Amino acid sequence: MRFTIFQCERADHDGWLALRAALFPHRDAMALRDQMAHFAAHPGRHAQFLAIDEEGEPVGMSEVSLRGDPVPGTRSQPVAFLEAVYVVPHARRHGLARALVAQARAWGRARGCTEFASDALLANEASHALHRALGFEETSRIVCFRQAITE
């Protein structure tokens, strides 16, 4: 499979929205677009990379940010953080995720980062396997809790 990867800087890119909707099916389109607008408005802190196939169809994406807050398992700040990576099912197993993540890593390196981090839900074994295949090492597992404070 042949594909082209480019940095997407437009919050109104329909291909980016379609890929995000596939990755985050529980979120509504307005919430996804609001995040996209935020990312695009802060290019020094966020970057998005899209992959298109030979027909110009979007087949994958990665999103990366600079995190200045402490990231579990890291020793430096800021840290380039892989916020999302997604490849449509028919385009998997062709090196596309690896190429998209390499673009995200290079973006972080160009901004002075010496560490690249990510996370995955505890139950998402497929994501764990992908991260390991991409050279990430697991640093911790966590379950977070919250409670509303009421009077």
Integer Hz, Karplus 6.51/-1.76/1.60 couplings in order for the range 67-84, x for Gly and Pro = 10, x, 7, x, 9, x, x, 10, 10, 10, 8, x, 10, 6, 10, 6, 7, 7
Pick from 32, 121, 50: which residue has the top mean-square fluctuation in a GNM of the chain where Cα pairs under 10 Å get a spring?
-> 121
Send over a whole-number figure in Å² for the accessible area per residue of the chain, probe 1.4 Å.
-> 63 Å²
In deg cm²/dmol and to the nearest 500, what is the mean residue ellipticity at 222 nm of the chain if only DSSP H runs of at least 4 residues count, each as -39500 (n - 2.57), divided by the residue total?
-> -9500 deg cm²/dmol
Can you put 30, 1 in order of accessible area, largest first, using a 1.4 Å probe?
-> 30, 1
Roughly how big is the chain's charge dipole about its Cα centre, with Cβ charges of +1 (Lys, Arg) and -1 (Asp, Glu), in debye to the nearest 20?
-> 460 debye
Find which of 6, 38, 58 sits farthest along the positive direction of the dipole of the range 1-62, computed with +1 on the beta-carbon of Lys and Arg, -1 on that of Asp and Glu, about the Cα centre.
-> 38
Work out the length of the dipole vector of the range 99-151 about its Cα centre, built from +1 on the beta-carbon of each Lys and Arg and -1 on the beta-carbon of each Asp and Glu, and round it to the nearest 20 debye.
-> 240 debye
In the range 60-94, which trypsin sites (Lys or Arg not before Pro) fall in coil by DSSP and have 15 or fewer other Cβ atoms within 10 Å?
-> 75, 92, 93
Hey, what angle do you get for helix 29-41 against the long axis of the chain, alpha-carbon based, 0 to 90 degrees rounded to 10?
-> 90 degrees
If you look at just the Cα atoms of the range 41-151, how large are its Rg and its Dmax in Å?
-> 15.7, 59
Which of the GluC sites (Glu not before Pro) found in the range 11-63 are loop residues per DSSP with 15 or fewer other Cβ atoms within 10 Å of their Cβ?
-> 54, 55
In debye, nearest 20, what is the charge dipole magnitude of the range 58-101 about its Cα centre with +1 on Lys and Arg Cβ and -1 on Asp and Glu Cβ, if you could check?
-> 240 debye
A student applying the Cα gyration tensor rule (rounded when a/c is under 1.5; otherwise prolate if a/b is larger than b/c, oblate if not) would label the range 1-55 oblate
How much of the DSSP beta bridge set in the range 54-151 is antiparallel, as a percent to the nearest 5?
-> 75 percent
Prolate/oblate/rounded call for the range 80-134, Cα gyration tensor, a/c under 1.5 rounded | oblate
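The values are calculated or read from the model by the stated rules, or taken from the named source; none is laboratory data. Bear in mind the structure is a predicted one, so any value in this text is a computation, not a measurement. Reconstructed Cβ throughout: ideal geometry from the backbone, glycine too, with neighbour counts over all protein chains shown. Only protein heavy atoms, including side chains, enter the accessible area calculation; ligands, DNA and RNA are left aside. Shrake-Rupley method; radii C 1.70, N 1.55, O 1.52, S 1.80 Å.
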